[in-house]
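Before any comments, here is the structure.
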Amino acid sequence: MKNYLNNMDMDWFKRRLTIVMALTFAIFCLLVIRLFYLQVINGEKYRQLSANNCIRLQTIDAPRGLIFDRHGELLVDNRPSFNISIIPKDAKPIDATLGRLAAYAQIPKSELEEKLKKKKPFPVYKPVLLKADIGRDMLAAIEVNWFDLPGVVVGVNPIRHYINAQTAAHLIGYMGEINSKELKSGAFPKKEQGDFIGKFGVERSFEDILSGREGGRQVEVNSSGRIVQVLKTVAAEPGQNIYLTIDKRLQQKAESLLAEKAGAIVAMDPNNGQVLALASSPSFDQNAFVGGLSRKKWQALISDPRHPMTYKAIQGEYPPGSIYKIVTAMAGLEEHVIDRNTVFFCPGHYRLGNRVFRCWKKSGHGKVNLEKAITQSCDVYFYQVGQKLGVDRLAWYAKACGLGALTGIHLAHENAGLIPTAAWKKRKTGVKWQGGETLSMAIGQGYNLVTPLQMAVLISAIANGGYRYRPVILYKSVTAKGEVVKHFEKQVVGKLPVSKANLALIRRGLWDVVNGNRGTARIARLKDIEISGKTGTAQVFSRKAQESMKEKDMAYHLKSHAWFVAYAPSNKPEIAVAVLVEHGAHGSRSAAPLARDIIQMYLGKKEPSDTGQMVSLRQ
Amino acid sequence: MFDRRLVTYFDWGLLGLTAILATIGVVTIYSAVNAGGNTPQQTLYLKQIIWLGAGLIGMSACFMISYKRFDQYAMVIYFGCVALVASVLVFGKFVGGSQRWLAIGPVSVQPSEMMKVGLIIALAHHYSRHLKKDGLTLRDLVQPMMIVSLPFVLILKQPDLGTAMMLVLIAGSMTLFCGIGRRTFILIATAGAVSIPVAWSFLKTYQKQRILTFLDPERDPLGAGYHIIQSKIAIGSGGITGKGYLEGTQNILSFLPEQHTDFIFSVLSEEWGFVGAGLVILLFLFILLWGLSVAHKCRDPFGILMSVGIVAFIFWEMFINIGMVMGLMPVVGVPLPLISYGGSSTITIMVAIGLLINVSMRRFMFE
């Protein structure tokens, strides 16, 4: 190759090496000068700073995002909470300081010592929380005497305030202290022991959106821990505000309708899956969770026989009762087991082998076609459809309607319900599927279990022409500065397995349920709004045994659950509702009027004019 | 094969300097993990002694065989290291979000550390055959650039920015030592000056933020900035004579992050003051000048260039680490050679010094 250094030219190397040595030496001089500057020239200054460990970090909590309803009505905000903490290093002698603090704040000293002991081992220069959310009186007593309380700091943290106690409590959820399992999971990288996170409902589902980012301050403190100056501040980044799809008025209406009862009401916009109300009764007070719930209160809540801590709208699993006849009818039509003209005779009972299955109407419905069967909820008709279909075909249609599976709503703890098949029973119990069980299943009793939300999604799909939308609760999320970050998008998760013509037949039947002369839900009629729906009664106890008792004598927990699903207006639906009243006995009497009132409120009066800033979200 | 002169010419000075620094390291690590009560890492100083023992074996292996063999097998060594680095991306375990460690039985090693030595040998091998009197041209730089970028990209993928940058610094120093032609130098400088603003405009906001914070830790007052302040307080408060061994309050109260690795110099300075810290810096100066004098006495280009590379390696790690803890440099996770706790880094440094000793003791071969 060309003019490379081929022969040894050692002088060339030596010259360069000498330059490198000189450079190295020069840079070392720089390091020594810096060291001299830090240790000798500024040594005294740094020695003082280190003596009290004066430069410290303080965290600034990020205000959690607010929660609004779809019209911008505030549901949850934050309020300041004053907390007393102690920095052990500054509080010396710590015992005497604790004694004085106990005297000023009128807290037993033993309580404070207990708190301190529990937090051991604590870093001596970091605040240890002694008492959270103190009142104004205590705050004043401590502030007045602060010179006497070295190392005692009063911090202000924003904490949750649930404005309408009990309203949408399950939906909004609550917060609690992060536990060690959650800390280890890695899902909350920025949280540490003692931090609160959303544990249930929206507070949990949207934790990452709501929580924002913690800020902090570099401060210089004096020997008793008082801040001398703030050196640097990184502002906390507030969490995003979220707007739920629910309508607060409708939600409250649903809750008041369920007052004194146990049950759930789900209202949805059938055209996009937006959930308008998602109520569960009885409710609970989320504000009780803010400072951490006492064991006793928690025990009382979870041992209540009416299960206030269960979100019945998405967690409650009930037999669907006669509402399931919609699915049976659909399967029968699509599988050509029946058509619109098929007629069965109902004498009030149906015999299969040596067993007799009753219709709810003892005297029988006489000649019944599909429309009449739906309208009057004739059991005998559907027994025969079910028998012709068999359990597994029926189950396939139920699953295609979204039953027995999670709806995909963005809430934790949703339950899937259950749609049994022959194989499922064999696996579960080891016993073969019995023909009679198919009959029970065809009218929605037996092993079938559904949630009110699934029923709402189903009736929405019936209403909108067959589209199953994923139920959505987040309408949008907005930063503190007002930029919209996430916005609702409708998402089809499935289509009902039914033709247009057959769906129209079913809808005709559902219209008759409310508007026909012999419909089971005539009680739900409204003067100027046409409603379609279906009643259901889910037995918790065998019908025969029930008949031997008078209804009013029956113990509460033995009464049937009452169902009603509906949509309105019948020809161009804008709202779909599912109502379940636990142990409400009859769908028509206990559940249908509730759905009617919800529909009336929603459609009777258009959007409230007082909020103004949001136009109608309904199409 | 064995030559009596090898014993006569053995470089006891280098070995002695290494031993002194390593001892200071163990003593300081003991303080970093033991002062101020129980820490879960109490016995790390014992582990460091084991690493030093392993390092000594690696070092001996490196001066037993003539460095001519390293020249001969340079590319084999280089590609062996590259293969190890690449295998980390496949088999390596994740620690704290990056994939740097390869588990071999009970111990974990960082092949990227060994890569530094592999790169020095490969570049010395290449440049020793391609030196030019009036400097390297752009074309001459293509091959060295490929030699650097292969491991550079692999290590950046782990991601380990600190080690990747160290490769560039070592290679850059060796290249400058070889000399770059004036025109080429101007060309590279201009290209760099132009491309930086262009590249900057393509970065996302958060990436810009991260780079700015890297260059100026004060921008992150709750993270790196705070650590640097505490480190400066630790060093400064040591004063002239220090607070005494095991008496450093910043160390005891855990105000220093990574006190047994990256911030070990702060612990040392707090306890021993200007006298002790200055002495350690002086020892580093000795070892580097000693290394350069080895190159000075060497009579073959490969030996000289390898020695220069090793000196550059030790120099940059030491300068960046001490500069960082004193607040002169960006905050990068670079250990202080021979002092910081760490298996792979300690063994690598000792292997590198072993190569220096190798060159030193075989200088007679050209006389």
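The values are calculated or read from the model by the stated rules, or taken from the named source; none is laboratory data. Just so it is clear, the structure is predicted and the values come from calculations on it, not from any experiment. So basically every Cβ, Gly included, is an ideal-geometry build from the backbone, and we count neighbours across all protein chains shown. SASA here: full protein model, heavy atoms, side chains in, ligands and nucleic acids out. Shrake-Rupley method; radii C 1.70, N 1.55, O 1.52, S 1.80 Å.
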ask   = Any idea which residue in region B:230-256 is farthest from the other protein chains (Cβ to nearest Cβ), counting only those that are of a type in the set (A, V, I, L, M) and surrounded by 22 or more Cβ atoms within 10 Å (Cβ to Cβ)?
value = B:Leu256
request  = Starting from region B:229-240, take each residue that is closer than 11 Å to B:Leu256 by Cβ and list its partners that are open to solvent by less than 10 Å² (accessible area, probe 1.4 Å) and charged (D, E, K, R), counting only C-beta distances under 7 angstrom and pairs at least six apart or across chains.
outcome  = B:Ala234/B:Glu270; B:Ile235/B:Glu270
query = Among the numbered criteria (1) within 14 Å of chain B (Cβ to nearest Cβ); (2) over 19 Å from A:Ile67 (Cβ atoms); (3) open to solvent by 40 Å² or more (accessible area, probe 1.4 Å), which single criterion is violated by A:Ser294?
reply = (1)
query = Quick one: A:Asp90 ticks every box in (1) surrounded by 19 or more Cβ atoms within 10 Å (Cβ to Cβ); (2) at the interface with chain B (Cβ under 8 Å from one of its Cβ atoms) bar one, so which box is it?
reply = (2)
key: All positions within region A:49-78 that are within 13 Å of chain B (Cβ to nearest Cβ) and farther than 18 Å from A:Lys190 by Cβ   = A:Leu49, A:Ser50, A:Ala51, A:Asn52, A:Asn53, A:Cys54, A:Ile55, A:Arg56
inquiry  = Looking only at region A:508-523, count every residue that is modelled with pLDDT of 90 or more and not β-branched (Val, Ile, Thr) and tell me the total.
reply    = 6
key: Failed condition for A:Gln274, given (1) open to solvent by less than 40 Å² (accessible area, probe 1.4 Å); (2) farther than 24 Å from A:Met175 by Cβ; (3) without any contact (Cβ under 8 Å) to a residue 60 or more places away in the chain   = (3)
ask   = Here is a list of conditions, (1) within 14 Å of chain B (Cβ to nearest Cβ); (2) assigned to a strand (DSSP E or B); (3) more than 24 Å from A:Gly216 (Cα to Cα), and A:Phe36 meets all of them except one; can you say which number that is?
value = (2)
key: Of all residues in region B:91-110 being free of Cβ contacts under 8 Å to residues at least 40 places away in the same chain and crowded, with 18+ Cβ neighbours inside 10 Å, the one that is nearest to the other protein chains (Cβ to nearest Cβ)   = B:Trp101
remark   = Of the candidates B:Phe63, B:Phe79, the one satisfying the condition of being in a helix (DSSP H, G or I) and either open to solvent by 80 Å² or more (accessible area, probe 1.4 Å) or of a type in the set (Lys, Arg) (or both) is B:Phe79
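Yes/no per residue for (1) touching a Phe, Trp or Tyr at 6+ places or on another chain (Cβ under 6 Å); (2) assigned to a helix (DSSP H, G or I); (3) at pLDDT 90 or above:
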residue: A:Lys544; (1), (2), (3): no, yes, no
residue: A:Phe564; (1), (2), (3): no, no, yes
residue: A:Ser588; (1), (2), (3): no, yes, no
residue: A:Arg596; (1), (2), (3): no, yes, yes
residue: A:Ser609; (1), (2), (3): no, no, no
message = Based on this model, can you work out whether A:Gly65 counts as without any contact (Cβ under 8 Å) to a residue 12 or more places away in the chain and open to solvent by less than 60 Å² (accessible area, probe 1.4 Å)?
response = no
note = In region A:39-92, residues that are over 30 Å from A:Gln286 (Cα atoms) and in contact with a Phe, Trp or Tyr (Cβ under 7 Å, 6 or more places away or on another chain) total 8
task = Considering only region A:353-433, give the helices (runs of 4 or more DSSP H) lying wholly within it that have at least 3 residues that are of a type in the set (Lys, Arg) and over 25 Å from A:Ala504 (Cβ atoms).
result = A:422-429
query = Taking region B:290-346, which residues are surrounded by fewer than 24 Cβ atoms within 10 Å (Cβ to Cβ), among the hydroxyl-bearing types (Ser, Thr, Tyr) and within 13 Å of another protein chain (Cβ to nearest Cβ)?
reply = B:Ser293
query = When residues of region B:257-286 are filtered for being closer than 17 Å to B:Thr23 by Cβ, more than 8 Å from chain A (Cβ to nearest Cβ) and open to solvent by less than 10 Å² (accessible area, probe 1.4 Å), how many remain?
reply = 6
key: Odd one out for A:Ser303 among (1) among the polar types (S, T, N, Q); (2) closer than 30 Å to A:Gln286 by Cβ; (3) assigned by TED's automatic domain parsing to the domain that holds A:Lys559   = (3)
ask   = Looking only at region B:28-48, which residues are among the hydrophobic types (A, V, I, L, M, F, W, C) and either modelled with pLDDT of 95 or more or open to solvent by less than 40 Å² (accessible area, probe 1.4 Å) (or both)?
value = B:Ile29, B:Ala32, B:Val33, B:Ala35, B:Leu44
request  = Determine if region A:524-540 includes at least one residue that is open to solvent by 70 Å² or more (accessible area, probe 1.4 Å), out of contact with any strand residue (DSSP E or B) (no Cβ under 6 Å at 6 or more places or on another chain), modelled with pLDDT of 90 or more and not in a loop (DSSP other than H, G, I, E, B).
outcome  = no
message = For region A:309-330, which positions are under 26 Å from the mean Cα position of the chain (by Cα) and among the charged types (D, E, K, R)?
response = A:Lys312, A:Glu317
